Amino acid sequence: MAQKKSKALLITNGTVVTLGDNNRIIGDGAVLIVDGVIQAVGKAAAVKKQARGAKVLDAGGKVIMPGFINAHMHLYSTFCRGLSPKQPPAKNFVEVLERLWWPLDKALNGKDVLYSSLIPLIDCIKNGTTTIIDHHESQSFQTGSLSVIEKACRKAGVRSVLTLGISDRYKKGGEGIEENVRFLKKIQAKRKKGDDLVSAMMGLHALFTVNDKSLKKSCDLAREFDCGMHVHIAEDKADQAANKKQYGKSVIERLHAAGGLGPKTLAIHCVHVGDREIGLMAKTGTCAVHNPESNMNNAVGVAPVMKMMEKGVLVGLGTDAMTTDMKAEVRVANVFHKHAAKNSQVFFVEACNLLMKNNAQIASRFFNRPVGELKKGSYGDVVVMDYQPPTPMNGNTFLGHYLFGICAARVDSTIVNGKVLMQGGQLKGLDEKKICAESRKQAADFWKRF
Ligand SMILES: [Zn+2]
């Protein structure tokens, strides 16, 4: 059955910021969404003429703009909040995986996955994040796991691209491939019928835990489904060292040899990629996704983001589950690269572009219509930001307002697919208190199993 369509929604009485290549700032502006799709953007007086009978959301003079996009997320990580690992503290990146993340994802069951997903999805709505590209792992509960996350995303109303990260670390790579194939078939059938809220990709954990058989098979399937690969790449030096030792190739070279690079493939992190690898990514149109807060937290190094951008690699911005708040992540990106380069003059425009432009381009590859720009024909994914510019805001001054004003402001309202998920700071349709209470019970049980 096709997804239920929303009726017409007029978001009016605000300053519209369209973003996109031709960013327009429209005072006294409005956006009209019909059946989930933007029908008109412009001066309120003109847009209103097309909006007879539409439900009206009064933006109260605030900023109306596209919702934020998170290009790399792990919904499953929620129950690590406050968790004490049983083993001694990790001394390096691989020990972080072995002592926290791998035991965590091995212990997750279906109900854990459901509540782990719902909690950050609520946070997404509150932070104005309307699209997430998620990377899931639950090694003891792989079959059917993506449908549990899909259920949570549909309940929350957040647009999402889902995948399971295949890994052979417990000899369950084949099962992971089957789950991705099952889910891709289901989702591609739904999308053909116009139900485009949830999309799907092929996914790998990281190449150092994936054998050649699983790698080749998943790359072949990604091409067959035309869905791209979502994979952690050279987050730590250990990934490069293990691949070179066992397979005689760098991580990107090995993925390239298996046919896994391409415009829908998301190479996550790329902290330790060299010139040859950046060249291969540029040549194949492969995207990178930068996660600055996570990289700093794990002390894995500084990704060569400026170099990748200069060489023509499309680089997006993700949070790696450190937060659901892209406004916070983009400000971290800005200061991280200035600090690392010991140069206050770099990375201001680049940081803005990661989130404003590149994430929109990347996410739009996985849906039938564009996201991340307010224009006719794009999906109606919109936020109202509680921001009153204290200095003149126009095309020349916008980036300063974006990074230091809008991205530091409170989210007033969040709309996905023309459906109002939060208005005036109040969630619609989700009982946060009840869901959090149930989550705490479930997490306490999970901690005993961890
Ligand atoms: Zn990650």
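Please treat every number below as a calculation from the coordinates, not as lab data. Just so we're clear, the structure is a prediction, and the values are computed from it rather than from any experiment. In this analysis, Cβ positions are derived from the backbone assuming ideal geometry, glycine residues included, and neighbour counts consider all displayed protein chains.
Residues that are closer than 23 Å to G285 by Cβ, of a type in the set (S, T, Y) and not in a loop (DSSP other than H, G, I, E, B): does the range 393-414 have at least one? Among the residues of the range 393-414, not one is closer than 23 Å to G285 by Cβ, of a type in the set (S, T, Y) and not in a loop (DSSP other than H, G, I, E, B), which makes the answer no. Of everything in the range 286-303 that is buried (at least 24 other Cβ atoms within 10 Å of the Cβ) and part of a loop (DSSP other than H, G, I, E, B), the residue that is farthest from the ligand (Cβ to nearest atom) is T286. When the residues of the range 253-277 are filtered to those that are under 18 Å from the mean Cα position of the chain (by Cα) and more than 16 Å from the ligand (Cβ to nearest atom), the one that is farthest from T163 (Cα to Cα) is P263. Quick check on the range 304-342: of everything there that is more than 16 Å from the ligand (Cβ to nearest atom) and assigned to a loop (DSSP other than H, G, I, E, B), which residue is surrounded by the most Cβ atoms within 10 Å (Cβ to Cβ)? For the range 304-342, the residue satisfying everything is V313. Condition (residue is outside any helix (DSSP H, G or I), in contact (Cβ under 8 Å) with a residue 12 or more places away in the chain and within 30 Å of N417 (Cα to Cα)) applied to the range 166-189: is it met by at least one residue? Within the range 166-189 (the criterion being outside any helix (DSSP H, G or I), in contact (Cβ under 8 Å) with a residue 12 or more places away in the chain and within 30 Å of N417 (Cα to Cα)), the answer is no, since none of the residues qualifies. Please indicate, with yes or no, whether at least one residue in the range 385-396 is under 22 Å from the mean Cα position of the chain (by Cα), of a type in the set (A, V, I, L, M), within 18 Å of V330 (Cα to Cα) and surrounded by 13 or more Cβ atoms within 10 Å (Cβ to Cβ). Looking for residues that are under 22 Å from the mean Cα position of the chain (by Cα), of a type in the set (A, V, I, L, M), within 18 Å of V330 (Cα to Cα) and surrounded by 13 or more Cβ atoms within 10 Å (Cβ to Cβ), one finds at least one in the range 385-396, hence yes. Within the range 413-449, the set of residues being of a type in the set (A, V, I, L, M) and without any contact (Cβ under 8 Å) to a residue 40 or more places away in the chain comprises A437, A444.
Listed here are the residues, each with its yes/no results for (1) within 16 Å of the ligand (Cβ to nearest atom); (2) aromatic (F, W, Y); (3) under 22 Å from K311 (Cα atoms).
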residue: L197; (1), (2), (3): no, no, no
residue: A200; (1), (2), (3): no, no, no
residue: T209; (1), (2), (3): yes, no, no
residue: A234; (1), (2), (3): yes, no, yes
residue: T284; (1), (2), (3): no, no, yes
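Set side by side, the residues E150, E95 differ, and just one is more than 16 Å from the ligand (Cβ to nearest atom) and without any contact (Cβ under 8 Å) to a residue 12 or more places away in the chain, which is E95.
Inspect all residues belonging to the range 350-363 and state whether any of them is more than 16 Å from the ligand (Cβ to nearest atom), crowded, with 19+ Cβ neighbours inside 10 Å, of a type outside the set (V, I, T) and farther than 26 Å from K283 by Cβ. For the range 350-363, residues more than 16 Å from the ligand (Cβ to nearest atom), crowded, with 19+ Cβ neighbours inside 10 Å, of a type outside the set (V, I, T) and farther than 26 Å from K283 by Cβ: present. Taking the range 130-147 as the range and being within 16 Å of the ligand (Cβ to nearest atom) and under 15 Å from the mean Cα position of the chain (by Cα) as the test, the residues that pass are I132, I133, D134, H135, H136. Inclusion of K338 among residues that are of a type in the set (D, E, K, R) and under 30 Å from K91 (Cα atoms) is warranted. With respect to the conditions (1) closer than 27 Å to G312 by Cα; (2) part of a loop (DSSP other than H, G, I, E, B), G194 falls short on a single one, namely (1). Given the condition free of Cβ contacts under 8 Å to residues at least 60 places away in the same chain and of a type in the set (D, E, K, R), answer yes or no: does some residue in the range 245-252 qualify? Yes, the range 245-252 contains a residue that is free of Cβ contacts under 8 Å to residues at least 60 places away in the same chain and of a type in the set (D, E, K, R). For the residues S364, S344, S378, the requirement of being small (G, A, S) and over 23 Å from A71 (Cα atoms) singles out S344.
Only one of the numbered conditions (1) touching a Lys or Arg at 6+ places or on another chain (Cβ under 7 Å); (2) within 16 Å of the ligand (Cβ to nearest atom); (3) of a type in the set (S, T, N, Q) is not met by N243, and that is (2).
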